[in-house]
Each structure stands twice: as C-alpha cells, then as structure tokens.
Amino acid sequence: MTDDRSRETSRLTSFRADGVVLRGAYAPPMVRVIAHRGASKAAHENTIEAFHLAKELGADWVELDARRTRDGAVVVHHDAQLPDGRDIVALDRADLPASVCDLTAALDACAGMSVNIEIKNWPDDVDFDSTFAVADFVVAEVGRRGSHAEVLVSCFHRATLDHVHAGDAAIPTAFLHHYEDRSWDEVAADVAAAGHVALHPWDGVVDQDLVGAAQAHGLEVNVWTVDDPERMAALIALGVDGLCTNVPDVARSVVDGR
C-alpha cells in the first residue's frame, strides 16, 4: 500500500493529446479511492470532520459539492436547500449553520489528498446561474493555490464544465452523467473533443462498453457511488480509474487486495 500510494502522489508529468499538461496525481498507476462527500457513512457529509476522517480511512481523493450563497460565498453542500428547507442561495454566508464550510476551508482540510470539486449548477435547481459564478470562483481559487495537480472539477451541466475548461485548460475536468441518449462512443468522443479528461458515470450505467469507449478516446472513468465490495472488485476488473464511495476504508481494502 505504501509503495502504491507514494506513486499516486508523486509529481509525474503527463500530456494529453492536445498538448495540455496534466501534472502529478491526476495520472495514477492505481485505482483511486474517492471519498464521496468525505467519509460520509461515518461522519456528516461534506463537513471538515468527514474530510479529515476520509484521510484517516485511506482515501486518495475527496469528492465535494460547491454552491453559492446570496452574498457570493462559495460553500460546500450537496442540496440546494438546508435540511429546514431554506434555499442556500437566498441566505448570506453568516446565516448558514456552522457545519457548512467554505470551499476554501474544505480544500485546506483535504491537505494530503486530491479533491474532486463538483460544481452544482443544474438548470432545474433554484440556484442555477447562467453567469457561472461558482465556476469562475473555482478556476480562480485553483489558480491562486497552484493546485492544478491536486484537483479535478466535475459537473452535470456541460456548459458549466466547458466554462471551467475555457477559463483554465490546465484544470482537469470531468463530465458527470447518468443515462445518455447517445452511444457511449459518441459521448466519449464529444467529451474528449471538448478537452475534458474523464467521464464520471453513475454506477448503474457502467459496463464494458462504457469503459472501452472512454479508454478509446483517452478518457478516464471514475464511478459513483459504489459501496459494495464485490461491485468495487468488478469495476476494477472492468478497468475503471476511480471508485467514488461513502466507505473509503472498504474501497481501500478492495483496491489494495486485502
């Protein structure tokens, strides 16, 4: 495990076909263990506690969700509403519960791991923003930190994802999806042509055809959300690159062959 993890975090350099440099941890020699909203089975999701625990349980990466408040803060929360039903976008940062952290604090808490930042910006959500303010914040923050090698930005909304790529082509980007009304080859070809580096499919649609199409177009495949160890092993056998899971300790054991 130690040898594999050290290779994962070594600062190697790789190049995509279009010449964009992908530094370091985004080109690993092993399957990534990605803690879904942190170690969310054992701690409250998308919290500093969940991120710290993810590292303790052996995660290589943390996946987290970025949304905006009324006064322009970017915070980490999956749903557009708080549990009491209030819309986050209708509240100032100071109005949020203490458990809701800023994206910047979350990134700090994930030191020693890489981070998949999912930008929440879907047209049906109350906080949809056609000006891509959260995307711009993420691009600026990654640039400020110089953390291109330690992040991967994903989104279901392709226009938002394309906006990130246009803002900084050195930030690796991944297309989140469920079902598609095109062949997997068409999906992979389109995503690769747009400059993105990975598909992030829902586990229910992942099969050899999807993985093969992604690989044929130079894309990686990080699957969500997988908690069953037998399914994890089957996905590894298919050739996926990452397992996004609520139980990173279980995934760590499967990946390491324990």
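The values are calculated or read from the model by the stated rules, or taken from the named source; none is laboratory data. Since the model is a prediction, treat every value here as computed from it, not as a measurement. Cβ coordinates were reconstructed from backbone atoms using ideal geometry, including for glycine residues, and neighbour counts include every protein chain displayed.
Restricting attention to the stretch 203-220, does a residue exist that is more than 18 Å from the chain's Cα centre (by Cα), within 23 Å of Ala50 (Cβ to Cβ) and modelled with pLDDT of 95 or more?
no
Based on this model, can you work out whether Phe175 counts as within 15 Å of the chain's Cα centre (by Cα) and surrounded by 13 or more Cβ atoms within 10 Å (Cβ to Cβ)?
So Phe175 passes the test.
Residues of the stretch 113-142 being out of contact with any Gly (no Cβ under 9 Å at 6 or more places or on another chain) and in a helix (DSSP H, G or I), which ones?
Quick first cut of the stretch 113-142, residues out of contact with any Gly (no Cβ under 9 Å at 6 or more places or on another chain) only: 113, 115, 117-131, 134, 141-142.
Result: Val134, Glu141, Val142.
So that you can scan it fast, the table gives a plain yes or no per residue for (1) in contact with a His (Cβ under 8 Å, 6 or more places away or on another chain); (2) over 24 Å from Ala39 (Cα atoms):
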residue: Ala135; (1), (2): yes, yes
residue: Val142; (1), (2): yes, no
residue: Ala149; (1), (2): no, no
residue: Thr160; (1), (2): no, yes
residue: Ile171; (1), (2): yes, yes
residue: His177; (1), (2): yes, no
residue: Ala194; (1), (2): yes, yes
residue: Pro201; (1), (2): yes, no
residue: Gly204; (1), (2): yes, no
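Can you spot a residue in the stretch 56-78 that is assigned to a helix (DSSP H, G or I), buried (at least 20 other Cβ atoms within 10 Å of the Cβ) and either under 19 Å from the mean Cα position of the chain (by Cα) or small (Gly, Ala, Ser) (or both)? Before the answer, list the steps.
We begin by selecting, within the stretch 56-78, every residue assigned to a helix (DSSP H, G or I); these are 56.
Next, only the ones that are buried (at least 20 other Cβ atoms within 10 Å of the Cβ) stay: none.
No, the stretch 56-78 contains no residue that is assigned to a helix (DSSP H, G or I), buried (at least 20 other Cβ atoms within 10 Å of the Cβ) and either under 19 Å from the mean Cα position of the chain (by Cα) or small (Gly, Ala, Ser) (or both).
Please go through the stretch 188-222 and pick out each residue that is closer than 17 Å to Val153 by Cα and of a type in the set (S, T, N, Q).
Answer for the stretch 188-222, where residues must be closer than 17 Å to Val153 by Cα and of a type in the set (S, T, N, Q): just Asn222.
Among the residues of the stretch 122-133, write down those that are surrounded by 12 or more Cβ atoms within 10 Å (Cβ to Cβ) and closer than 14 Å to Phe156 by Cα.
The initial filter retains those residues of the stretch 122-133 that are surrounded by 12 or more Cβ atoms within 10 Å (Cβ to Cβ), namely 122, 125, 127-129, 132-133.
Across the stretch 122-133, the qualifying residues are Trp122, Asp125, Phe128, Asp129, Phe132.
How many residues are among the polar types (S, T, N, Q) and within 12 Å of Ala66 (Cα to Cα) if we restrict to the stretch 89-138?
Of the residues in the stretch 89-138, 3 are among the polar types (S, T, N, Q) and within 12 Å of Ala66 (Cα to Cα).
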